[in-house]
Amino acid sequence: MADEFVEKEEIGEVTHYFTDISVGIIELTDKLELGDKISIEGATTDFQQEVNSMQIEHEDVEEAEAGDAVGMKVKNRVREGDKVYKLD
């Protein structure tokens, strides 16, 4: 995304990562929906991906609200404390 300017808004934080299944748990501070593009950033984390699936308590959901903790398959390793941004 070299010359592209993308607006981003912080919407949550990674609270856990399951290495064996590549799933991050994200504590949301804002709404997130399937199809949203997100960026996950931290000391050694920096990648973007589209939200293709989310779960709350092992149930598939299409959207989640502030205060929800969602499980999401992530394409790279994430770490506790990494910030999650929604890209516009």
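May I ask for the longest run of the chain untouched by trypsin sites (Lys or Arg not before Pro) that are loop-located per DSSP and have at most 15 neighbouring C-beta atoms (other than their own) within 10 Å? Don't skip to the answer; put the middle values down first.
Numbers: sites that count: K31, K75, R77, R79.
The longest such stretch corresponds to 32-74.
Pairs of alpha-carbon atoms within less than 8 angstrom and 6+ residues apart define the contacts here; what relative contact order does the chain have, in percent?
Working: 215 pairs, mean separation 36.8, N = 88.
About 42 percent, as a whole number.
Counting only the backbone N, which residues of segment 16-30 are under 16 Å from the spot 7 Å out from the Cα of R77 toward its beta-carbon?
Residues 16-25 fall inside that zone.
Given points 7 Å out from each Cα along the Cα-Cβ axis, report the K31 to E50 separation in nanometres with one decimal.
2.0 nm
Whole-Hz Karplus ³J(HN,Hα) for segment 46-62, in order, using 6.51 cos²θ - 1.76 cosθ + 1.60 and θ = phi - 60°, x for Gly and Pro?
6, 8, 10, 7, 8, 7, 9, 7, 9, 9, 10, 6, 6, 10, 5, 10, 9
Within segment 1-64, list the GluC sites (Glu not before Pro) lying in a DSSP loop whose Cβ has at most 11 other Cβ atoms in a 10 Å radius.
Answer by residue number: E4, E7, E57, E62.
Could you please report the charge total around T15, scoring K, R as +1 and D, E as -1 over all other residues with beta-carbon less than 14 angstrom from its beta-carbon? Please report the intermediate quantities before stating the final value.
Details: positive: R79, K83; negative: E13, E27, D68, E80, D82.
So the environment of T15 carries a net charge of -3.
Over the Cα atoms of the chain, what is the Rg over Rh ratio if Rh follows Kirkwood?
Numbers: Rg = 12.0 Å, Rh = 12.8 Å.
Rg/Rh: 0.94.
No value in this document is a laboratory result; all are computed from the given coordinates. Source: prediction; values computed, not measured. FYI the Cβ positions are ideal-geometry reconstructions off the backbone, even for glycines, and counts take in every protein chain you see.
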